[in-house]
Amino acid sequence: MPQLQPGLVHTPVTPFTRERAIDLDRYAQLIEFHIANGADTLALPMHAGESVSLPDSERRLLLEFALERVKGRKPLIAHVSETGTGIAVALARHAEAAGAAAVVATTPYYWTPPPAMVLEHFAQIGAAVKIPFFLYNAPEEMQGTKVNAELCHKLIDKLPNFAGVVDLSLDWQFMIELMTDAPRLRPGFQLLAGTELMVSAGAIGAAGMFAPLAGIAPKLVRELYELCRDQKLFEARAAQEQMAALRQAVKAGGIASLKAAMRAMGRDCGEPRPPLLPLDASAYQKLVGELDAIAALRAEPPGW
Amino acid sequence: MQSPVTPLKDDFSLDLPTFERLLDFHVRTGATAISWPHHKGESLNLTIAERKLFAEAAVRVVNGRIPVTIHVSALAVEDTMELARHAQQIGADGILAITPYFWTPTVEAIHAYFVRLCTSIELPVLSYNSPSYLAGVEITGDLMARLIERLPNFVGVKEASFNSEKFLEISRAALAMRPDFAMLTGVEYLLPSVPLGGIGSYSAAGSICPNLCSQLFDACIAGDWPRARDLQYKISWLWLLFRDQYPSSLKGGMVMMGRPVGPTRAPLPTATKERQAYVHAELERLGILDTEPHGW
């Protein structure tokens, strides 16, 4: 079974033109930026990359484009979450055929499914490919639909390629329960922090981190990741607190704030697609003020 | 820190001699402080008169050997105020209070509640944050900062969200303003909290395995993360064992450790013989029976 140790995973935004088309020239530039600024692996298009605003054909095109540009310099994880199991399965098969190193998927959108339905959804997606399958547990993004440790144990039993959980629940009870048994049931099983809150997850045993804020603050993201990876957890607290301040500044405005912050750092990737609205001028100024107050951002690279 | 259960006789009345024995057990087996009655002590199933009676017993038996704080949260805020005044009168070292029950109060209402409580007494006050049990009612980082600014005796929080972001939002706000603000976790989630500035926890399993509690605390403070992970996994498994209809199974487990404390008051069930046997098997599998004290 192929293995993948994703390490620090950057999750690029998807740049759009004024006409709301994917801006492939800008995307190529963005991919180079991430590779040059600390990414061990890329995962795309995650929710930070507006996956749910991309039609099926665009998701495939985006992945193929990224693979062609990356040219094997870094592994690439394809995000294949969908509402319908069959659609997600088809995306996963496409990702494997195109050359992705792994796939990642969260619970089905909209249906708020009970555990048995969630299990079957993941089992079918994972079984559709031979490359590693990562489960993305993000109850706050998914109307409260949760994954528990028992479901993960069942998936280990069903799927030889179930490689780990990307956790955005931030729930210590879940993470500890998961890591008490999963690495014994599946040697090499990985817990990956689903956002840049890695100190607690790293203490519990997380081996990697997904970093949606890497386009804004790649140096801070790398510093936090390396301190946690090296188990320098007390030393990581200062970087973690700076990272949390950045996360809070961007969080309320979602993707619009993420893209606005990238523009403020000199890396304009346009505005989000509808139904998301761009920040208005006063919200943008407020965000810029909050970013200015975060000392660590002064060390970040300006522009491309 | 240990929060004793409430021993009951077979007729569900308070069992004072066993409570005294239990307090002494906790002090002798490494507790750094005593706090009573948490939800684990069936606080909301006790009358206010009963809570006062045992609060007095706790202060008397511990007798200054370690600090004693009294949990004053009650359904009616007027009862909370009364219990806080009582705690001060009997010589307790501090009180602990959760956000108000039932009403899903707004941020401003929670602020007003803690201001009224903290200004009514001179004792140090620990707050208690438990959003998952209180329909999302919580103390945010911003609210914590306002309370610290306003109240000199607002000294810490029992943080029971068990969530990286919620803990961190409170800790980075509070510790920046008051570096000795006590960031405590609700049960023994020391491994994920100590690196972020956590300095201790209350305990679910301390009446079963006090040695394990002390070892975990020492490993976390020393930054011995591989050892802390092993111990944390073990103690968190016990929490999962006891969490459902807490503290019924915990009291059942205490029977197995030779420290029976009687039944659990309704509506909580009392652990059946079968449940006790299951808890016993798990304690055996984890090696608790061989490494922890049996009997009083």
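The values are calculated or read from the model by the stated rules, or taken from the named source; none is laboratory data. What you are looking at is a predicted structure, and each value in this text was computed from that prediction instead of being measured. Note that each Cβ is placed from the backbone with ideal geometry, even for glycine, and that neighbours are counted across all protein chains shown.
What to note about this one:
- Scope the stretch B:142-152; condition within 11 Å of chain A (Cβ to nearest Cβ) and crowded, with 19+ Cβ neighbours inside 10 Å; matching residues: none
- Scanning the stretch A:203-242 for residues that are under 28 Å from A:Leu287 (Cα atoms) and either at pLDDT below 95 or not in a helix (DSSP H, G or I) (or both) yields A:Met209, A:Phe210, A:Ala211, A:Pro212, A:Leu213, A:Ala214, A:Gly215, A:Ile216, A:Ala217.
- If you check A:Ala245, A:Ala256, A:Ala261 for being away from chain B (no Cβ under 14 Å), assigned to a helix (DSSP H, G or I), surrounded by fewer than 21 Cβ atoms within 10 Å (Cβ to Cβ) and within 20 Å of the chain's Cα centre (by Cα), only one passes: A:Ala256.
- B:Val155 meets the conditions (1) under 29 Å from B:Val279 (Cβ atoms); (2) among the hydrophobic types (A, V, I, L, M, F, W, C); (3) in contact with a Pro (Cβ under 6 Å, 6 or more places away or on another chain) in every case but one. The failed one is (1).
- Screening the stretch B:198-292 for helices (runs of 4 or more DSSP H) wholly inside it with 1 or more residues that are within 14 Å of chain A (Cβ to nearest Cβ) and small (Gly, Ala, Ser) returns the ranges B:210-221, B:225-243.
- Scanning the stretch A:162-179 for residues that are at the interface with chain B (Cβ under 10 Å from one of its Cβ atoms), more than 18 Å from the chain's Cα centre (by Cα) and in contact (Cβ under 8 Å) with a residue 24 or more places away in the chain yields A:Trp172, A:Phe174, A:Ile176, A:Glu177, A:Met179.
- Scope the stretch A:109-160; condition touching a helix residue (DSSP H, G or I) at 6+ places or on another chain (Cβ under 9 Å), over 20 Å from A:Phe174 (Cα atoms) and among the aromatic types (Phe, Trp, Tyr); matching residues: A:Tyr109, A:Trp111
- Scanning the stretch B:139-185 for residues that are of a type in the set (S, T, N, Q) and outside any helix (DSSP H, G or I) yields B:Thr140, B:Asn153, B:Ser161, B:Asn163, B:Thr185.
- Residue match in the stretch A:266-277 (condition: under 29 Å from B:Ser171 (Cβ atoms) and without any contact (Cβ under 8 Å) to a residue 60 or more places away in the chain): no
- Close Cβ contacts (under 9 Å, 6 or more residues apart or on different chains) running from residues in the stretch B:153-174 that are facing chain A (nearest Cβ under 7 Å) to residues that are part of a strand (DSSP E or B) comprise B:Phe162/A:Asp171; B:Phe162/B:Thr185; B:Asn163/A:Asp171; B:Ser164/A:Asp171; B:Ser164/A:Ala193.
- Taken over the stretch B:1-28, residues that are among the polar types (S, T, N, Q) and out of contact with any Gly (no Cβ under 8 Å at 6 or more places or on another chain) amount to 1.
- In the stretch A:264-282, the residues that are surrounded by 14 or more Cβ atoms within 10 Å (Cβ to Cβ) and out of contact with any Ser or Thr (no Cβ under 8 Å at 6 or more places or on another chain): A:Ala264, A:Met265, A:Arg267, A:Asp268, A:Glu271, A:Pro278
- Here B:Val155 clears all of (1) surrounded by 24 or more Cβ atoms within 10 Å (Cβ to Cβ); (2) farther than 22 Å from B:His26 by Cα; (3) among the β-branched types (Val, Ile, Thr) except the condition numbered (1).
- Test: residue in the stretch B:210-223 that is assigned by TED's automatic domain parsing to the domain that holds B:Ile34, touching a His at 6+ places or on another chain (Cβ under 9 Å) and not aromatic (Phe, Trp, Tyr): yes
- Candidates B:Leu191, B:Leu212 - the one that is buried (at least 21 other Cβ atoms within 10 Å of the Cβ) and either free of Cβ contacts under 8 Å to residues at least 40 places away in the same chain or closer than 18 Å to B:Pro293 by Cβ (or both): B:Leu212
- Look at (1) surrounded by 21 or more Cβ atoms within 10 Å (Cβ to Cβ); (2) more than 14 Å from chain A (Cβ to nearest Cβ) and you find that B:Thr185 fails only one, number (2).
- The single condition among (1) within 20 Å of B:Ala266 (Cα to Cα); (2) surrounded by fewer than 19 Cβ atoms within 10 Å (Cβ to Cβ) that B:Thr6 does not meet is (2).
- Matching residues in the stretch B:16-37 - criterion: being more than 13 Å from the chain's Cα centre (by Cα) and farther than 16 Å from B:Thr6 by Cβ: B:Val27, B:Arg28, B:Thr29, B:Gly30
- Residue within the stretch A:71-90 that is closer than 28 Å to A:Gly144 by Cβ and of a type in the set (Lys, Arg) present: no
- Looking only at residues in the stretch A:231-242 that are aliphatic (A, V, I, L, M) and either crowded, with 21+ Cβ neighbours inside 10 Å or in contact with a Pro (Cβ under 9 Å, 6 or more places away or on another chain) (or both), the one that is nearest to the other protein chains (Cβ to nearest Cβ) is A:Leu233.
- Members of the stretch A:180-230 found to be within 9 Å of chain B (Cβ to nearest Cβ) and β-branched (Val, Ile, Thr), listed by number: A:Thr180, A:Thr195, A:Val199, A:Ile204
- Of all positions in the stretch B:44-52, none carries a residue that is buried (at least 17 other Cβ atoms within 10 Å of the Cβ) and in contact with a strand residue (DSSP E or B) (Cβ under 7 Å, 6 or more places away or on another chain).
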